[in-house]
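Participant: Encoded as structure tokens, here's the structure I'll be asking about.
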Amino acid sequence: LAIYERVGFKHLKIGDEAIVRLTSFDLEGSERKSLRKTVRRFETNGFVMREYQPPIPDAILLQAKSVSDDWLNLPGRRERQFSLGMFDEDYVRTTPIFVVADASGNIVAFVNAIKSYCQGEATIDLMRHRADAPNGTMDYLFTKLFLHCKAKGFQQFSLGMAPFDGFRKSEQPSAEERAVDYLMRHLNFIFSYAGLHHFKAKFADDWEPRYVIYQNVLALPQVGLALTRVSELR
């Protein structure tokens, strides 16, 4: 940021990326009690996490599409197409996927893994579950996924960004940042933001700020329009 400021640019904070430190992630201690209970409950009832490497078999891809279609029927769910991937069979077939399967082998949830381009970091793109998936399904899936990635030697896991997540005590937001943050928090979609943050906060050890860099205040309307279009906040 200091470099951009020296050459005359301004910055607008648009969120914080949730980072899980895999090197210290485990199911020990009181703070992980809830996750331990979730894992125990699912595995007692016959659920498992399974990994499938590309090319994904047709039968698994068909089940994953069924899960995705069911998820898209939930209120407020839709394909984002830019800020996240969309379910495209040719795309999903070429990525590793991790699924939660019930005792009968039926897939009830999945994520697909993508390369993060950050050394030692793992991350995912799509994360979807059936409408009638048991409560805690995604908690179970991510807990097992973190342990799997840790065993593979990854140091951290990116859960992606929580948009417009406020400011930390150490941050000194500009007047423009405060104004945009206030506006975003008082529009209708703040509720989906809050839910996204709540889920990621269950696991996140660190929150890394993310910014848009712009030249002057007159550019902010264009920045806002661009963010709206790519994030589909409408």
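The values are calculated or read from the model by the stated rules, or taken from the named source; none is laboratory data. No experiment lies behind these values; they were computed from the predicted model shown. Cβ placement follows ideal geometry from the backbone for every residue including glycine, while neighbour counts extend to all protein chains displayed. Note: accessible area is taken over every heavy atom of the protein model, side chains too, but ligands, DNA and RNA are not part of it. Shrake-Rupley method; radii C 1.70, N 1.55, O 1.52, S 1.80 Å.
Participant: Within segment 138-150, work out how many residues are surrounded by fewer than 20 Cβ atoms within 10 Å (Cβ to Cβ), touching a helix residue (DSSP H, G or I) at 6+ places or on another chain (Cβ under 8 Å) and of a type outside the set (A, V, I, L, M).
Facilitator: Of the residues in segment 138-150, 1 are surrounded by fewer than 20 Cβ atoms within 10 Å (Cβ to Cβ), touching a helix residue (DSSP H, G or I) at 6+ places or on another chain (Cβ under 8 Å) and of a type outside the set (A, V, I, L, M).
Participant: Taking interchain pairs and intrachain pairs at least six residues apart, which have beta carbon atoms under 7 angstrom, with the first residue in segment 214-234 and at pLDDT below 70 and the second part of a helix (DSSP H, G or I) and surrounded by fewer than 15 Cβ atoms within 10 Å (Cβ to Cβ)?
Facilitator: 234/228
Participant: Check residue 27 against each of (1) open to solvent by 80 Å² or more (accessible area, probe 1.4 Å); (2) in contact (Cβ under 8 Å) with a residue 60 or more places away in the chain and name the one condition it does not meet.
Facilitator: (1)
Participant: For residue 92, which of the numbered conditions (1) open to solvent by 20 Å² or more (accessible area, probe 1.4 Å); (2) in a helix (DSSP H, G or I) fails to hold?
Facilitator: (1)
Participant: For the subset of segment 3-19 comprising residues that are part of a helix (DSSP H, G or I) and modelled with pLDDT of 90 or more, which member is surrounded by the most Cβ atoms within 10 Å (Cβ to Cβ)? Walk me through how you get there before you give the answer.
Facilitator: So in segment 3-19, the residues part of a helix (DSSP H, G or I) come out as 3-6.
Now narrow it down to the ones that are modelled with pLDDT of 90 or more: 3-4, 6.
Numbers: 3: 7, 4: 13, 6: 8.
Only one residue tops the list, namely 4.
Participant: Looking at segment 50-72, can you tell me whether even one residue there is closer than 16 Å to residue 127 by Cα, within 18 Å of the chain's Cα centre (by Cα), part of a loop (DSSP other than H, G, I, E, B) and not aromatic (Phe, Trp, Tyr)?
Facilitator: No, that holds for no residue.
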